[in-house]
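In what follows, a single structure is set out as structure tokens and then discussed.
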Amino acid sequence: MPYIQNSDADRAAMLERIGLSSLQELFASIPEDVQLKELPAIADGLSESELQAHLAELGADNQPATGSCFLGGGFYDHTWPAIVDHLMQRSEFLTAYTPYQPECSQGTLQWIFEFQSMIAELTGCEVANASMYDGSSAAAEAVLMSMTQTRRKRVVISEGVHPETIETIRTYMHHMEAEIVIAPLDGGLTAWEGLINQDTASVLVQQPNFLGGVEELESLAAEAHAAGALAISSVYPVSMGLLKSPGAMGFDIVVGEGQSLGVPLGYGGPGFGFFAASSKAVRKLPGRLVGQSVDTKGRRAYTLAFQTREQHIRREKATSNICTNNSLIALRGCIHMAALGPEGLEEVAAVSRQRMLALVEALEQSGVPRAFPEAPFFNECAFRMENEDAVQQLKDSMLEQGLHGVLPLSRWFDNMDGIFTLACTEKVRPEDIHLLASLAASCQTQVPA
Amino acid sequence: MYLPPVNLLFEDSRPGRRCFRTTGADRTAATAGLPSSALRDTPPALPELGELDLLRHFTRLSQKNFGISVNFYPLGSCTMKYNPVVHEAIAAREEWSGLHPLQDEDTAQGALALMHDLARDLGELTGLPAVTLHPAAGAHGELTALMVLRAWLDQRGEHQRRKIMVPDSAHGTNPASCTLSGFSVVTVKSDDRGLCDLEDLAKHLGDDTAGLMITNPNTLGLFEDNIVEICKMVHDAGGKVYMDGANFNAIMGVARPGDFGIDMMHLNLHKTMSTPHGGGGPGSGPVCVTEELRTFLPAPQIVEEEGLYRLQTPEHSIGRMRAFHGNFLVLVRAYCYVRRLGAKGARRVAENAVLNANYLRVLVDKYWRVPYNRVCMHEFVARPTKAMRDAGIHTLDIAKRLIDCGYHPPTVYFPLVVHEAIMAEPTETESKETLDAFAETMIMIAEEAAAGDEKLHEAPVTMPVTRVDEARAVRDPQLCYRCGD
């Protein structure tokens with residue numbers, strides 16, 4: 001019996017001690033007519049080696065990128081040092097619960113404190129929490145928090161925010177009498193003109209945006225504040241190696257998806273969301289917070305702080321319903337950031353962008369221009385081909401060469417036929433950039449204009 | 001073992017120390033074409049350490065944690081069972097971990113097949129065939145289901161149904177999820193058997209009832225034996241019944257919530273399906289509902305057509321609750337678990353979980369007050385006796401003393417309906433010897449407590465720190481290293 005240690009003899013002795021004669025009697029409180037008469041209709045159990053073989057067979061139907069992965073759209077194929085995977089298998093991290101008993105959880109509590117510190121530094125904010133489910137739900141919680149703080153019910157969201165994040169926010173806010181205003185993209189960047197007013201609870205911008213464009217943030221924060229609204233930014237954390245942090249430009253809340261900080265692509269999860277804000281908002285924050293304190297002997301010690309915001313204490317009056325977050329994955333991010341250090345983060349950001357610059361140049365030479373040439377880009381960029389067929393053809397020919405890439409934007413946006421994005425990380429091989437460019441050149445010539 | 005204080009990474013940081021390099025960076029070249037106003041002067045001040053010091057830092061931190069692989073961890077309602085190591089090895093393989101969420105469906109058929117089959121099996125185990133694997137954790141699943149309920153009510157034009165009944169023994173996430181989804185909470189009392197009070201429930205049901213959130217087995221470890229009638233009462237009043245599946249380990253393979261009349265429930269894969277808790281996540285909180293409600297489930301569903309799997313948004317979907325397809329690598333581990341168990345193994349889990357809980361209960365019930373001392377499900381609630389309380393000993397002292405004995409304490413001060421509660425859930429993966437040894441310790445502590453032994457107030461003394469001043473962390477908040485400097 002998998003993973004159950006007791007033998008039949010053990011079970012018999014235990015039943016006797018309880019004063020029962022069969023296992024069935026343990027379930028006497030379940031009405032008999034709703035007890036299963038037969039076993040559930042699921043397949044018979046496998047041995048460990050059969051399981052390995054089965055998963056290998058199933059996994060053979062998947063095609064992870066064998067060459068470079070040029071897909072972006074929120075998840076990026078960065079590398080990480082071996083120390084991350086090594087430490088993740090420390091079972092004291094892996095198999096611990098939420099650190100409600102601080103004395104036997106100082107390991108988890110201290111790394112969360114360090115994680116919060118690094119996220120605060122990265123985003124330019126004063127405080128950060130212990131993690132959220134992902135970047136999209138973190139953005140939704142940020143928008144909700146802005147409505148609570150301002151007591152306003154109108155939010156202005158850039159069309160350049162990840163479409164699945166906007167969908168998540170719409171779901172979270174569906175039942176509220178609140179207004180979501182979408183600030184449109186114009187030339188690959190957000191046009192906010194005339195949309196931020198005295199009823200606005202917050203503005204939400206993504207940096208870089210879903211099309212790869214680097215948005216102008218400083219004036220946006222000022223405009224939001226002038227209207228009494230909060231400024232919220234979702235950021236791609238690797239870009240913080242080169243780009244100014246939203247916090248430094250006056251943003252009130254900075255959230256994001258942490259997957260690019262040492263987390264495998266994992267078909268979209270689990271990554272981790274992060275949530276940072278100014279310290280005056282601490283009592284309104286969703287999720288767990290770890291604080292530094294002392295023990296009874298005055299020694300430094302860490303503990304969960306401000307638990308009275310949370311559901312297990314405040315129940316229906318809690319700031320959020322979040323309980324389990326994505327802690328272990330945030331630990332990956334914590335170790336990864338510490339392994340990089342300031343220079344390492346800058347290097348990853350720089351090489352990722354250098355690859356993107358090389359790709360832009362190579363594609364332009366192949367006759368595939370940037371779709372929005374006026375918009376500055378970071379490591380992801382929108383390109384234009386004649387039509388959707390050409391885009392599909394490029395995608396297919398890349399796949400034949402083991403390259404993943406090409407996100408056709410028509411999936412999410414109107415009037416974007418023939419426009420697609422590609423992203424680069426430091427893992428992208430220069431030879432694959434040239435291969436991609438030559439594939440693009442042949443797709444361009446084969447499709448009649 | 002002496003575990004010395006571990007400096008913060010920032011304190012051990014020395015300029016120029018490095019662990020990981022990326023070659024070929026050229027800041028000037030890299031910033032070409034970016035407006036200077038968008039660029040920072042210096043990178044974020046992350047700590048700078050060499051690889052060996054970094055490795056020691058985190059290894060030493062890990063040694064300051066209790067975990068299932070080292071300690072018995074009978075944390076009630078959390079189902080801290082063994083997390084099979086083979087699942088970790090499988091989930092780390094490139095064919096699962098290397099998939100990009102936006103790659104085409106035909107290049108991820110194995111992943112979609114796995115999700116499809118896992119959803120099918122969870123539907124079979126719960127008797128609720130329409131399943132979404134999208135939610136990231138249990139509370140996220142609750143919120144998802146309540147939004148499904150709301151969509152169902154809205155479609156029927158029943159906008160006045162905005163009240164959700166929640167028993168007083170429920171997890172805090174239940175009422176919090178109600179508020180977040182725009183429902184108001186009506187608390188239903190427990191009766192003297194520790195179960196949902198039917199008379200009190202009947203009093204609250206009416207035209208404004210949206211539904212009931214019930215945990216079954218409940219947080220006292222007791223099966224709500226009136227569950228069929230409860231579901232009928234709520235249905236007759238025009239509402240739906242949601243079951244918090246946190247305690248599904250007790251009944252897996254034995255009974256199916258769908259057969260009781262439950263309309264919706266979530267499962268915590270990080271509890272019942274053995275995926276690691278990771279110090280607080282990642283979890284996964286699939287929601288299983290009746291066929292009637294399938295059309296409202298969040299995007300995406302996995303459908304099979306002619307042997308091909310693809311992602312599909314249900315017609316009246318509530319939308320997305322997060323990006324992409326759920327905590328996929330958690331789903332891989334859960335799938336492995338279900339495949340290893342098979343139907344027989346699933347039932348064995350429940351049988352042995354309930355057996356272990358009852359065995360532990362009878363070993364200690366002469367020494368501790370067990371308020372509902374009858375055959376329980378997968379967990380039971382105890383509390384200090386009057387003699388212990390008279391001696392000035394509280395549940396917190398018991399918990400801390402257990403830490404000194406090498407055990408992670410049970411859940412304490414929950415459920416709220418039992419004063420000074422100690423909720424113990426041993427799980428099926430523990431051996432008889434482990435339970436015997438733990439019971440002996442509990443009996444020893446009972447004697448110490450009745451005598452008012454100072455040890456209990458001082459505990460823990462064997463850990464890297466003694467009791468931590470939680471009030472100070474709020475009064476004088478320090479939430480990061482040199483915050484705001």
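Tabulated data
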| quantity | calculated |
| --- | --- |
| Selection count where residues are of a type in the set (Lys, Arg) and assigned to a loop (DSSP other than H, G, I, E, B), scope region A:281-326 | 3 |
| From A:105, A:131, residue being within 19 Å of residue B:282 (Cα to Cα), more than 20 Å from the chain's Cα centre (by Cα), buried (at least 24 other Cβ atoms within 10 Å of the Cβ) and of a type in the set (Ser, Thr, Tyr) | A:105 |
| Residue in region B:402-409 that is hydroxyl-bearing (Ser, Thr, Tyr), surrounded by 21 or more Cβ atoms within 10 Å (Cβ to Cβ) and part of a loop (DSSP other than H, G, I, E, B) present | yes |
| Any hit, region A:105-122, residues being more than 8 Å from every other protein chain (Cβ to nearest Cβ), assigned to a strand (DSSP E or B) and either at pLDDT 95 or above or on the phi > 0 side of the Ramachandran plot (or both) | no |
| Residue that is surrounded by the most Cβ atoms within 10 Å (Cβ to Cβ) [pool: residues in region A:53-81 that are part of a helix (DSSP H, G or I) and within 7 Å of chain B (Cβ to nearest Cβ)] | A:55 |
| Residue in region B:47-61 that is more than 32 Å from the chain's Cα centre (by Cα), outside any helix (DSSP H, G or I), facing another protein chain (nearest Cβ under 8 Å) and free of Cβ contacts under 8 Å to residues at least 40 places away in the same chain present | yes |
| Test set (1) in contact with a strand residue (DSSP E or B) (Cβ under 9 Å, 6 or more places away or on another chain); (2) at the interface with another protein chain (Cβ under 9 Å from one of its Cβ atoms); (3) crowded, with 22+ Cβ neighbours inside 10 Å - residue B:422 fails condition number | (2) |
| Positions within region B:261-287 being in contact (Cβ under 8 Å) with a residue 60 or more places away in the chain, over 18 Å from residue B:332 (Cα atoms) and within 13 Å of chain A (Cβ to nearest Cβ), in sequence order | B:262, B:279 |
| In region B:430-471, the residues that are surrounded by 23 or more Cβ atoms within 10 Å (Cβ to Cβ), among the β-branched types (Val, Ile, Thr), assigned to a loop (DSSP other than H, G, I, E, B) and in contact (Cβ under 8 Å) with a residue 40 or more places away in the chain | none |
| Residue A:335 under 15 Å from the mean Cα position of the chain (by Cα), facing chain B (nearest Cβ under 7 Å) and under 15 Å from residue A:80 (Cα atoms) | no |
| Odd one out for residue B:256 among (1) crowded, with 24+ Cβ neighbours inside 10 Å; (2) touching a residue at least 40 places away in the same chain (Cβ under 8 Å) | (1) |
| Yes/no for residue B:243 being under 26 Å from residue A:28 (Cβ atoms), crowded, with 24+ Cβ neighbours inside 10 Å and either within 11 Å of chain A (Cβ to nearest Cβ) or hydrophobic (A, V, I, L, M, F, W, C) (or both) | yes |
| Residue list for region A:357-379, restricted to those being farther than 20 Å from residue B:28 by Cα, surrounded by fewer than 18 Cβ atoms within 10 Å (Cβ to Cβ) and small (Gly, Ala, Ser) | A:367 |
| Filter result for the condition that a residue is more than 30 Å from residue B:473 (Cα to Cα), more than 10 Å from chain B (Cβ to nearest Cβ) and among the basic types (Lys, Arg), over A:384, A:355 | A:384 |
| Region B:74-97: number of residues that are crowded, with 21+ Cβ neighbours inside 10 Å and facing chain A (nearest Cβ under 7 Å) | 7 |
| Of all residues in region A:9-41 being in a loop (DSSP other than H, G, I, E, B) and among the aliphatic types (A, V, I, L, M), the one that is nearest to residue B:227 (Cα to Cα) | A:30 |
| Enumeration of residues in region B:319-337 that are part of a helix (DSSP H, G or I) and within 7 Å of chain A (Cβ to nearest Cβ) | B:328, B:329, B:330, B:336 |
| Count - residues of region A:413-440 that are on the phi > 0 side of the Ramachandran plot and within 11 Å of another protein chain (Cβ to nearest Cβ) | 0 |
| Answer residue from region A:257-280, given it is within 7 Å of chain B (Cβ to nearest Cβ) and in a helix (DSSP H, G or I) and is farthest from residue A:426 (Cα to Cα) among those | A:279 |
| Qualifying positions in region B:312-345 - free of Cβ contacts under 8 Å to residues at least 40 places away in the same chain, touching a helix residue (DSSP H, G or I) at 6+ places or on another chain (Cβ under 7 Å) and over 29 Å from residue B:181 (Cβ atoms) | B:339, B:341 |
| Test: residue in region B:267-287 that is in the same structural domain as residue B:205 (by TED's automatic domain parsing), in contact with an Asp or Glu (Cβ under 9 Å, 6 or more places away or on another chain) and at pLDDT below 95 | no |
| 2 or more residues under 25 Å from residue A:416 (Cα atoms) and free of Cβ contacts under 8 Å to residues at least 60 places away in the same chain: qualifying strands (runs of 3 or more DSSP E) within region A:139-246 | A:154-158, A:179-183, A:200-207 |
| Residue tally, condition within 7 Å of chain B (Cβ to nearest Cβ) and in contact (Cβ under 8 Å) with a residue 12 or more places away in the chain, over region A:296-319 | 5 |
| Count of residues meeting criterion [in a loop (DSSP other than H, G, I, E, B) and within 8 Å of another protein chain (Cβ to nearest Cβ)] in region B:157-186 | 4 |
| Any hit, region B:201-208, residues being in the same structural domain as residue B:246 (by TED's automatic domain parsing) and either modelled with pLDDT under 95 or of a type in the set (Gly, Ala, Ser) (or both) | yes |
| Count of residues meeting criterion [small (Gly, Ala, Ser), outside any loop (DSSP other than H, G, I, E, B) and in contact with a strand residue (DSSP E or B) (Cβ under 9 Å, 6 or more places away or on another chain)] in region A:387-441 | 3 |
| Options A:331, A:265; residue that is more than 17 Å from residue A:113 (Cβ to Cβ), crowded, with 24+ Cβ neighbours inside 10 Å and of a type outside the set (Asp, Glu) | A:265 |
| Residue match in region B:114-129 (condition: facing another protein chain (nearest Cβ under 7 Å), surrounded by fewer than 24 Cβ atoms within 10 Å (Cβ to Cβ), of a type in the set (Gly, Ala, Ser) and not in a loop (DSSP other than H, G, I, E, B)) | no |
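The values are calculated or read from the model by the stated rules, or taken from the named source; none is laboratory data. In this text the structure is predicted, and so the values were computed from the model without any measurement. Here the Cβ is made from the backbone with ideal geometry for all residues, glycine too, and neighbour counts use every protein chain on show.
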